[in-house]
Structure formats: C-alpha cells, structure tokens
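This report refers to the structure that appears directly beneath it.
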Amino acid sequence: MKILHILNEFREIGNGIVNVATDLACLQSREGHQVLVASSGGEYEHLLLDYGGRHVRLDQRRRPLELARAALKWREIVHEFEPDIVHAHMMTGVMLARLLRGSAPYRIVTTVHNEFQRSADLMRYGDRVVAVSEAVGEAMVRRGTPRHNLRVVLNGTLGSPRRVPLENLTPAELKRPAIVTVGAVSERKGSDLLIEAFRRVAPAHPEAQLYFVGGRDWPAAEELARASGVGGRIHFVGFEPQPQRYLLGADIFAFPSRQEPFGLVLLEAREAGLPIVASDVDGIPEALSGGRAGLLIPPADPTSLAAALDSLLSSAAQREEWTARARLGIEAFSVERMHREYLNVYREVLEA
C-alpha cells in the first residue's frame, strides 16, 4: 500500500498529533508499505528514514502565496508518488487533498485529534473520518459527520519508536513528594487549576512539590505561581523530549484539562505506574479505562482536585492501590494495536 501522510510539521515538540502520525508512519514503513510524509519538516525526518519511510517538504502556512505554492507542490507530490491513501492529520492538509484530488484515485482518511477547535469541522471531508476517542466521535457526529463514515481508533503509545524504553531512562531527580503534570502550560490544560489546588494542599504537606513539564506557553500561570505564596515549590521545567524521566521520578500525576480529546501522556503515566488524578471530560475517561485506572474529578473544579491530591499525598496505601490500577490493562494501548486498526480503516475505504 502507498500511504501519504500530510501534516503541518514533523517536529519533536510534544505535539500529540505529530506523535501519532510519526508512530503510524514508522510502523507502516517497517511493515513494508511505501510511506511518504509531507510537512514543513522537523526532527522526526531522521527517525522515519531509519524505518524505511521518506519525507518531502510541503509548506502549508496559511498565506495566499504559500498556499498557492503548496497547491502546486501537492500536485507534484501526488503525481510522483501516486498514493493509495492520503492520511490527513490537520485541517490544511484535508483541504489540499480534497480540493486538489481531481481524477487522482486516492482515498482520504482524516484523523480528528482536537475536536474542540472550530476548524475541526473540515475533518469530516475525509472518505473515512477517524476519531481518537468515542467522545470525539460523538462530538463530530453532532457537528455533521455522517456516522457511517466515522470510525474510532483509540490512541496508543506503548512501544512507540519515538520513545526510549522506560528501563533505559534515568529518573529525574525531583524534590519529593512530587506532583508532576506533562503538557503545554495553558488554560486548556488547566494549569491555573492545578496551581490553585496545590496552593490549598501545600500547608498540610510542607514537603510537596509541583512540576510542570512542557512548553511555557502561558506566562499568566507563572504569575499565578509567584502570587500563590508557595511559588518556591512550583517548578516550570519547560519542554522535555523524554518526559518519562519526570514521570519515573514523580509520586503523583495530575492532568486537570478543561478540554482533552484523549491525552497520550495519560498512557505514559499509567505505564510509569503513577497514581493519576485527571478531569472527567472528553476522551480522558477512555484513556483511563473508564476511571478504573485513575481518579476522575469534575473539570474546572480546583476544590475536587485539591481533595484528590490531598488524599493521595496523605496515604501511601492509596498511592500503591492506584499504581496497581494504573498498570492494569495498559497493554491495550500499544502503537501496534493502533497501527493495525488504521490499516483496517485504509483497507475498508479502498474496498469501498
């Protein structure tokens, strides 16, 4: 099968969309499919090459001149590669593939990662639309995607070619007990909620520390930390290409997102055996096996978040229980399973 993945970039920046596309492209190449990734490029080009795939540069910046050049380049790519499947992971790629298909026989598969974005409506223009969780799938149906065109493939991360195996990593040296969260510091990720919850539990747990591991994209959060009265115990690490080091050094993982289609890092926290506190919103319960693998709390509720953190910080027995529950059934979230399910979607749409 000849598979062409199109996405905006191919960089190692902790972007879940890029991570999923990279894993799929590498495993498909390893299996012997002809795989080409079209994007503006990035660090994962070398990884893909190691697995037998290829990358071609396609600048999709949304400016008239760049888009005109992208259209010409797209026609050239399709003419030379002759894909069977075009797998579009982002909105611009969907429109290029759809509007410029012409008489080309390829079929378009789209993956909806961030349904909360208004432009996600464009993803329904695939011949098959894949949602990364049942919650995202239902949201796309409400937004007009025909149910018969929709499939759900839960994300997987275990065995990812991007990641160093846990046993080969040295845990980060953290002050403990350590609460860790991984992801861009932002309002959507609930960074402000976590700072407020930590402020509330800090007096009862004077040794506890809070670590944000991810892009420092929201200066307001750091201002909140400084004003909290416990700012010396709140640490902003910045982007870390192997955040598993911090998961291995942590005692508790917190993930209080206001919106979250799935959350790959929840799987990584489960694999590391961390007690998890996360919002009961969107695809998070599916990543936590319906709440069996982590404590689910109401979204945007710092009181409930603080109570859950306090409970875990106060009880080693509770932490041990949630560690065992986190690992139970984690093998279902492998990249191999995800890869197989996507191949099934490709074959189905080609036969149709």
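Sequence neighbours fewer than 8 away in the same chain don't count; with that in mind, list the lysines whose C-alpha is under 20 Å from Lys2.
Lys73
Please work out the Cα center distance from the range 139-189 to the range 305-351, rounded to the nearest Å.
Comparing the Cα centres of the range 139-189 and the range 305-351, I get a distance of 9 Å.
Which helices, taking whole DSSP H runs in the chain, have alpha carbons extending 15 angstrom or more along the helix axis plus mean Kyte-Doolittle at least 0.0? Don't jump to the answer; show the numbers that get you there.
Details: long enough: 16-30 (21 Å, 0.65); 64-81 (25 Å, -0.04); 191-201 (16 Å, 0.37); 302-314 (17 Å, 0.95); 316-327 (17 Å, -1.53); 335-351 (24 Å, -0.86).
Helices meeting the span and hydropathy rule in the chain are 16-30, 191-201, 302-314.
Tell me whether the range 166-332 comes out rounded, prolate or oblate; compute the Cα gyration tensor, take square roots of the eigenvalues as a ≥ b ≥ c, and use a/c under 1.5 as the rounded threshold. Mind showing how you got there, number by number?
Working: a/c = 1.28, a/b = 1.25, b/c = 1.03.
Rounded.
Could you list which residues have their amide H under 5 Å from that of Ala38, counting only those 5 or more apart in sequence or on another chain, with H placed in the peptide plane?
Answer set, sorted by chain and number: His5, Ile6, Leu7, Val56.
How many angstrom separate the Cα center of the range 216-245 from the Cα center of the range 252-291?
The distance from the Cα centre of the range 216-245 to that of the range 252-291 comes to 20 Å.
Once phi is turned into θ = phi - 60°, what whole-Hz ³J(HN,Hα) does the Karplus curve with 6.51, -1.76 and 1.60 give for every residue of the range 158-170, x standing for Gly and Pro?
Couplings: 5, x, 4, x, 6, 9, 6, x, 4, 5, 9, 9, 9 Hz.
Highest mean first, how do 336-349, 173-186 rank when packing is the count of other Cβ atoms within 10 Å averaged over residues?
Values: 336-349: 17.1, 173-186: 20.1.
Going by the mean number of other Cβ atoms within 10 Å, highest first, we get 173-186, 336-349.
Which order results if Thr22, Thr323, Thr145 are arranged by neighbouring Cβ count within 10 Å, fewest first? Please report the intermediate quantities before stating the final value.
Details: Thr22 29, Thr323 16, Thr145 23.
Exposure proxy ranking, most exposed first: Thr323, Thr145, Thr22.
If amide H atoms are built 1.01 Å from N in the plane of the peptide, which residues on other chains or at least 5 residues away come under 5 Å of the amide H of His235?
Leu210, Tyr211, Phe212
Which one, Gly183, Trp322, Met95, projects farthest toward the positive side of the charge dipole computed for the chain from Cβ point charges (K/R +1, D/E -1)?
Sorting the options by dipole projection puts first Met95.
Give the peptides 11-17, 281-287, 236-242 in descending order of average Cβ contacts within 10 Å, highest first. The partial results should precede the final answer.
Working: 11-17: 17.4, 281-287: 24.0, 236-242: 14.4.
With the highest mean Cβ count within 10 Å placed first, the list reads 281-287, 11-17, 236-242.
In terms of the ratio Rg/(2.2 N^0.38 Å) built on C-alpha atoms, what value belongs to the chain?
Numbers: Rg = 20.8 Å, N = 352, 2.2 N^0.38 = 20.4 Å.
In units of the 2.2 N^0.38 Å rule of thumb, it is 1.02.
Quick one: which residues, 5+ away or cross-chain, put their amide H under 5 Å from the amide H of Arg151? H built at 1.01 Å from N.
Those qualifying (amide H under 5 Å, at least 5 residues apart or on another chain) are Val129, Val130, Ala131.
By per-residue mean of other Cβ atoms within 10 Å, what is the highest-first order of 53-62, 131-140? Please report the intermediate quantities before stating the final value.
Values: 53-62: 17.3, 131-140: 22.4.
Per-residue mean Cβ counts within 10 Å order the peptides as 131-140, 53-62.
Determine, for Lys2, Lys189, the number of other Cβ atoms within 10 Å of each Cβ, and report the residues in order from fewest to most.
On the way: Lys2 14, Lys189 26.
Going from sparsest to densest Cβ surroundings: Lys2, Lys189.
Relative contact order (percent) for the chain, with alpha-carbon contacts under 8 angstrom and 6 or more residues of separation?
In percent, rounded to a whole number, it is 15.
So if we plug the beta-carbon distance of Met1 and His79 into 1/(1 + (r/R0)^6) with R0 = 22 Å, what FRET efficiency do we get, rounded to 0.05?
On the way: r = 18 Å, r/R0 = 0.84.
Working from the Cβ atoms, E equals 0.75.
For Leu65 and Ser119, compute 0.36 nm times the residue count separating them, minus their Cα-Cα distance, and round to one decimal in nm.
Values: separation 54, 0.36 × 54 = 19.44 nm, distance 2.11 nm.
Net length gain for the segment: 17.3 nm.
With the chain treated as a Gaussian network of Cα nodes joined by springs under 10 Å, which of His89, His113, His235 yields the largest mean-square fluctuation?
His235
How much length is gained on full extension from Ala227 to Phe239, taking 0.36 nm per residue of separation minus their Cα-Cα distance?
Values: separation 12, 0.36 × 12 = 4.32 nm, distance 2.32 nm.
Taking Ala227 through Phe239 to full extension adds about 2.0 nm, to one decimal.
Normalised by the number of residues in the range 166-332, what is the relative contact order in percent for Cα pairs under 8 Å and 6+ residues apart? Numbers along the way, then the final one.
Working: 333 pairs, mean separation 40.8, N = 167.
Answer for the range 166-332 is 24 percent.
Every number here is computed from the coordinates shown, using simple stated rules; none is lab data. Everything numeric in this text was worked out from a predicted model, so none of it was measured. Cβ: placed from backbone, ideal geometry, glycine included. Neighbour counts: every protein chain shown.
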